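Please read the structure below before turning to the comments.
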Amino acid sequence: MATDAIFVRDLDGRIMFWSQGAAGLYGWSPDEVMGMLARQRLERSPDQLEAALGTTMQQGFWQGELTQSTKAGDDILVASRWTLIKDASGRPQSFLVVNTNITHITEQKRLEAQVYQAQQLASLGELAGGIAHVGNVLTPVLGIPQILRRTQKNVDASTQEQIDILESCAKRGTEMVRQILTFAQGSPESETTVNIVVLLQEVIAVAKQGSPNSIAIREVNLQTDNSQSNGLPYKRLPYKRFSGKRIKAMAKLLQRRVAHKSFC
């Protein structure tokens, strides 16, 4: 506990007690802060502070993370525990606050995440190198259906269907190669505006490709087929902003439900 910052603040936020651990963490001596408003010295996030105050007054205790400032002007992240102190008659009197600096822990986790991501991208990059050659192979395959359509004018329906399947598979393979190569580049996470309906159709298409024939995936138009809406009112879906992580999560969720045969 010697390294923890321990201090007491009254109901108005004025500092009544300041430990040596608090002096070491924040840089102010007890003489510099006694009687001062804590929010003027420490607090960086009014919303976080209000949540701590409100919960402690109602429940007698609160714990969470707070962004605060030191005397040097550095922002730090602390794990904070608040306890409500009452007088002999049971009336709220002050707050006992114990803060632990977790800035270095958060930074370490961020660096570890970056290293892990770099390792993943490196492995994916090796895979992408081989996949790029697959893309080169698919390029002439895409041209074969076009050549067949020009040279084979009077083909039966079965042959035409096979040509269409060949073209569709080649396009799908080319698109999958493009998506993998794009992901392997490790571009920064960003948000983009998408049409949710189109997005869901693409996710369903991906799920269909990875599903066995024993599982049927059906698309239901709730606007025209009220029998499939389970009584839910139809609502036109707007354009929304989605990050790449959210889009990937949606695809994984759908594929997981398909794997358990709970989606139809």
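Summary table below
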read-out: Extension reserve of the residue 172-residue 104 stretch, reckoned as 0.36 nm per residue once the Cα distance is removed; value: 19.9 nm
read-out: Label point at residue 70 placed 7 Å out along Cα→Cβ; residues across region 8-34 whose backbone nitrogen lies under 19 Å; value: 18-33
read-out: Length gained when the stretch residue 88-residue 161 is fully extended (0.36 nm per residue, less Cα-Cα span); value: 17.5 nm
read-out: FRET efficiency, residue 114 to residue 146 (Cβ-Cβ, R0 41 Å, nearest 0.05); value: 0.35
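The numbers here are math on the coordinates, done by the rules we state, and not lab data. Given the structure is predicted, the values throughout are model-derived calculations rather than measurements. Virtual Cβ from ideal backbone geometry, glycine too; neighbours counted across all protein chains shown.
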